[in-house]
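Working notes, beginning with the structure itself.
What follows is calculated from the coordinates using simple rules that are stated; it is not laboratory data. Every value quoted in this text rests on a predicted model; they were computed, and no experiment measured them. Heads up, the Cβs are rebuilt from the backbone with ideal geometry, glycines too, and the neighbour counts pull from every protein chain shown.
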Amino acid sequence: MLLSEVNFALEKGEMVGLQGLNGSGKTTLLRVMAGLSRPTKGTIEVLGQPVTASVRKAIGVVFQESMLYGDLTVRENLLYYAKLYRVVDPKDQVALWLEKVHLSLDADEMTKTLSKGMRQRVSIARALLPKPQILLLDEPFDGLDARHTLLAESWFESFAKEGSGVIFVSHDEKQVMKLATRRVTIDGGYLLQGGLT
């Protein structure tokens with residue numbers, strides 16, 4: 001999907017609900033913002049700087065494709081990212097997040113053997129582990145049961161309250177109404193700014 005004339009700023013502490021039909025450009029926009037896809041024109045700045053490898057460390061992502069290493073265990077996946085993002089006390093922090101996402105007993109399972117919901121919990125733990133300043137979340141609740149959906153909502157809200165900017169995509173209108181401080185709609189690659197919810 002091509003994006004056109006997108007002009008968007010995310011403020012600290014905001015939880016922006018990004019909405020649009022399938023194929024409207026939501027995932028493309030998040031990938032460009034994360035530095036995973038390059039814009040053909042225009043610029044992306046994070047914390048006032050172009051998106052470089054060092055700046056990307058301030059961004060936590062949960063995308064529909066998990067981006068986990070299937071042949072590594074849950075613990076190995078999280079330790080890899082903890083070390084990559086220079087998390088202090090990586091083993092302790094990984095153990096803490098394994099407990100938070102209720103995967104301590106599955107920590108030594110190969111990630112490729114997990115259910116979709118379990119992989120989603122690993123992805124969320126991986127995104128939150130480095131305490132990012134920006135969270136980009138593409139259907140982060142997909143595959144989660146009601147209990148873990150509520151937990152994930154509380155974590156994302158806590159990050160926003162602590163000053164992180166959060167953009168999330170959810171097909172659930174009630175969830176967007178509940179969580180978003182601002183709603184933005186994308187349609188055919190064009191961004192339509194929304195107001196406060």
Under the 0.36 nm per residue contour assumption, what length would be gained going from the current alpha-carbon distance of Tyr80 and Glu173 to full extension?
30.0 nm
How many angstrom lie between the C-alpha centres of segment 128-197 and segment 1-79?
13
What is the distance, in nm, between label points placed 7 Å from the Cα along the Cα-to-Cβ direction at Arg56 and at Val88?
2.6
Where Rh denotes the Kirkwood radius from the mean inverse Cα pair distance, what is Rg over Rh for segment 31-140?
0.99
Do any of Lys41/Lys178; Lys26/Lys178; Lys12/Lys174; Lys26/Lys174; Lys100/Lys178; Lys41/Lys116 go past 25 Å between their Cα atoms, and which?
Lys41/Lys178; Lys41/Lys116
Dividing the convex hull volume of the alpha carbon atoms of the chain by its residue count, what do you get in Å³ per residue?
116
Kindly provide the Kirkwood hydrodynamic radius of segment 112-163 in Å, to one decimal, from all pairs of distinct alpha carbon atoms.
11.5
Most exposed first by the Cβ proxy, i.e. fewest other Cβ within 10 Å, how do Lys41, Lys83 rank?
Lys41, Lys83
Averaging sequence separations of C-alpha pairs under 8 Å and six or more residues apart, then dividing by the length of segment 69-131, give the relative contact order as a whole percent.
49
Viscosity 0.890 mPa s, temperature 25 °C: give me the Stokes-Einstein translational D for segment 69-131 in µm²/s, with Rh taken as the Kirkwood radius over C-alpha pairs.
220
Explain nothing, just compute: Karplus ³J(HN,Hα) = 6.51 cos²θ - 1.76 cosθ + 1.60, θ = phi - 60°, for every residue of segment 63-72 in order, whole Hz, x for Gly and Pro.
10, 5, 8, 5, 6, 8, 8, x, 8, 10
As straight-line cross-link partners of Lys57, the qualifying aspartates and glutamates (C-alpha separation under 14 Å, not fewer than 8 residues apart within one chain) are Glu45
Compute the angle between helix 116-128 and the longest alpha-carbon principal axis of the chain, please, reported from 0 to 90 degrees and rounded to the nearest 10.
80
Once Rh is set to the Kirkwood radius over Cα pairs, what Stokes-Einstein translational diffusion coefficient, in µm²/s, holds for segment 1-55 at a temperature of 20 °C and a viscosity of 1.002 mPa s?
173
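Can you tell me, using C-alpha contacts under 8 Å and at least 6 residues apart, the relative contact order of the chain as a whole percent?
37
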In nanometres, the difference between 0.36 nm per residue of separation and the alpha-carbon distance of Glu45 and Glu157 is 38.0 nm
Taking 25 Å as R0, compute the FRET efficiency from the Cβ-Cβ separation of Asp71 and Leu105 and round it to 0.05.
0.80
